Amino acid sequence: MNDIWNPWHGCRRISEGCLNCYMFRIDAARGADGGKIYRVKNSFSLPLKKDRQGNYKIPSGMTLRVCMTSDFFLKEADEWRDAVWQMMRLRPDVHFWLLTKRASRIRECLPPDWGEGYENVSLNVSIENQKRADERLPLLLDIPAKHRGAMAAPLLGPLEIGRYLDTGLLEEILADGENYDGARPLRYEWVKRLYDDCASRKIRFTFCGIGNEFIMNGRVYHVPKAYQHAEAQRSGLQYPPLGREVRLQPRCAKCPKGFYCSGCTWCSRCGTGSAL
């Protein structure tokens, strides 16, 4: 995906949200070891790459999600991080979105000139359950930053984070379910509570996907991956509201990925050219 920058790859499981990590599953499917951590040569300098006309390949105004197949504050990546901070300084016109489960390492890994934070960097922590929210959010809120947020993905239970939202220091909360083998259920009321807490305080809330198993009003829904994001958008649990109709486009009828087809391009690349 062109909005993701993975300067390094591989990780270590450290908490409950890591159990069914998509990165480990994808690596295993291609015979690779997700626990092997390495610098990704062909994408390490992505923000600074230019085309033949001398224009940056990553355009001004874009948001890059960083280290989505690893963790930005992973200890094993300490030797590479300074170079990445430098690229962020060189591209103040690009917004860099960082997500970590290692909130305890953020402060020691910040660059010397961080000060009150970089205007083009957002620090975000994973809060998959109450235990991790209470562990990571105080650490995040204690660190100077221009932009802060949190992601409840996978959301594994009800969260009470009102006291953290009341600080006024969190710009956005995101929530998502699991959509790979072994996916644990996501309940509507858990998402609704987060939505209500954010909307009542006018804090942006993004419901990213309902996951493989979504429970609402006592009914269990098993929705193909291709539709999980769209169904989350159609739920009405977005703040501010989307303000537009979300339509479900068809998947390829014989997609070899079946239930796990993401439908992200709707391109019929499987060769069938037909739709469900």
message = Check which residues have an amide H placed less than 5 Å from Ile4's amide H, if you skip close sequence neighbours.
response = Arg65
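Once you have the Kirkwood Rh of the chain from its Cα pairs, apply Stokes-Einstein at 20 °C and 1.002 mPa s and quote D in µm²/s.
Numbers: Rh = 20.0 Å.
So the translational diffusion coefficient is about 107 µm²/s.
With every protein chain kept in the model, how would you rank Ser200, Ser43 by accessible area, 1.4 Å probe, largest at the top?
Ser200, Ser43
In segment 157-248, which GluC sites (Glu not before Pro) fall in coil by DSSP and have 10 or fewer other Cβ atoms within 10 Å?
Glu245
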Nearest-10 value in Å² for the accessible area of Thr206, using the 1.4 Å probe = 40 Å²
ask   = Across the chain, how many lysine pairs separated by 8 or more positions, or lying on different chains, have Cα atoms within less than 23 Å?
value = 17
query = Once fully extended, how much extra length lies between Lys146 and Asn217, figured as 0.36 nm per residue of separation less the alpha-carbon to alpha-carbon distance?
reply = 21.6 nm
task = May I ask you to rank Tyr164, Tyr38 by accessible area, largest first, using a 1.4 Å probe over the protein chains only?
result = Tyr38, Tyr164
inquiry  = Using alpha carbons only, how many angstrom separate the centre of segment 139-189 from the centre of segment 1-65?
reply    = 22 Å
message = 7 Å from Cα along Cα→Cβ at both Asp113 and Leu242: what's the point-to-point distance in nm?
response = 4.1 nm
request  = Name all residues of segment 13-45 having a backbone nitrogen under 14 Å from the label point set 7 Å from the Cα of Lys75 along its Cα→Cβ direction, giving them as ranges.
outcome  = 13-14
note = Descending accessible area (1.4 Å probe), largest on the left, turns Ile58, Ile14, Ile4 into Ile14, Ile4, Ile58
ask   = How much accessible surface area, in Å² rounded to 10, belongs to the heavy atoms of Arg244 with a 1.4 Å probe?
value = 140 Å²
key: Calculated [θ] (222 nm, deg cm²/dmol) that DSSP helices of n ≥ 4 give over the chain, each run adding -39,500 (n - 2.57)   = -6500 deg cm²/dmol
ask   = If ligands, DNA and RNA are left out, what is the accessible area of Asp181 with a 1.4 Å probe, given in Å² to the nearest 10?
value = 90 Å²
Loop GluC sites (Glu not before Pro), segment 40-120 (other Cβ atoms within 10 Å of the site Cβ: 12 or fewer; DSSP) = Glu116, Glu119
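Taking segment 98-147, which trypsin sites (Lys or Arg not before Pro) meet the DSSP loop condition and have no more than 14 other C-beta atoms within 10 Å?
Lys146
The values are calculated or read from the model by the stated rules, or taken from the named source; none is laboratory data. Just so you know, these numbers come straight off a predicted model, no measurement behind them. When we count neighbours, we look across all protein chains shown, and the Cβ atoms used for this are built from the backbone with ideal geometry, even at glycine. Just the protein is used for accessible areas: all its heavy atoms, side chains included, with ligands, DNA and RNA removed. Shrake-Rupley method; radii C 1.70, N 1.55, O 1.52, S 1.80 Å.
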